[in-house]
Amino acid sequence: GEEWYKDYCIEPIKYWSATYVPTEMMEKFTEDWNTFGADINAIHADFRDRSWNGQIANINTEWEQYINQLYEAGLEKLVNDYYNNDEFMLYKT
């Protein structure tokens with residue numbers, strides 16, 4: 001049928017776009033991302049590179065540290081203020 005994609009695609013609960021996010025929220029997010037984004041990206045790049053280069057001794061321990069570092073760098077604020085905000089509508093297909 002026409003809904004074949006449901007068997008093969010991952011559908012997000014929320015999708016960041018102007019269709020689902022109010023303009024003011026999008027603008028505020030951009031301001032916050034400009035504040036935290038470089039630090040979040042640096043932490044991500046470091047973990048990614050160490051993963052790809054086989055430099056992670058204990059994935060469970062290091063994964064927890066990685067998530068904690070991301071949250072401390074500002075991701076927790078972004079998740080709480082934007083992703084968990086009821087004004088950010090659920091994605092619908």
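Out of everything in segment 35-65 that is of a type in the set (Asp, Glu) and in contact (Cβ under 8 Å) with a residue 12 or more places away in the chain, what residue ends up being nearest to LYS14 (Cα to Cα)?
ASP39
Give me the pairs, please: first residue somewhere in segment 66-84 and in contact (Cβ under 8 Å) with a residue 40 or more places away in the chain and under 20 Å from PHE47 (Cβ atoms), second residue anywhere and in a helix (DSSP H, G or I) and among the acidic types (Asp, Glu), beta-carbon distance under 8 Å, and either six or more positions apart or on two chains.
Going by the 8 Å Cβ cut-off, the qualifying pairs are GLY74/ASP32; GLY74/ASP39; LYS77/ASP32; LEU78/ASP32.
Need at least 1 residues that are surrounded by 13 or more Cβ atoms within 10 Å (Cβ to Cβ), within 16 Å of the chain's Cα centre (by Cα) and among the acidic types (Asp, Glu) per element, so show me which helices (runs of 4 or more DSSP H) inside segment 1-86 make the cut, counting only ones lying wholly within it.
It comes to 23-52.
If GLN69 satisfies all but one of (1) of a type outside the set (Phe, Trp, Tyr); (2) touching a helix residue (DSSP H, G or I) at 6+ places or on another chain (Cβ under 6 Å); (3) modelled with pLDDT under 95, what's the number of the condition it fails?
(3)
Pull out all pairs, ordered by first then second residue, where Cβ-Cβ is under 8 Å, the residues are six or more apart or on different chains, the first lies in segment 8-28 and is among the acidic types (Asp, Glu), and the second is in a loop (DSSP other than H, G, I, E, B).
GLU11/TYR91; GLU11/THR93
The values are calculated or read from the model by the stated rules, or taken from the named source; none is laboratory data. None of the values given here were measured: they were computed from a predicted structure. So basically every Cβ, Gly included, is an ideal-geometry build from the backbone, and we count neighbours across all protein chains shown.
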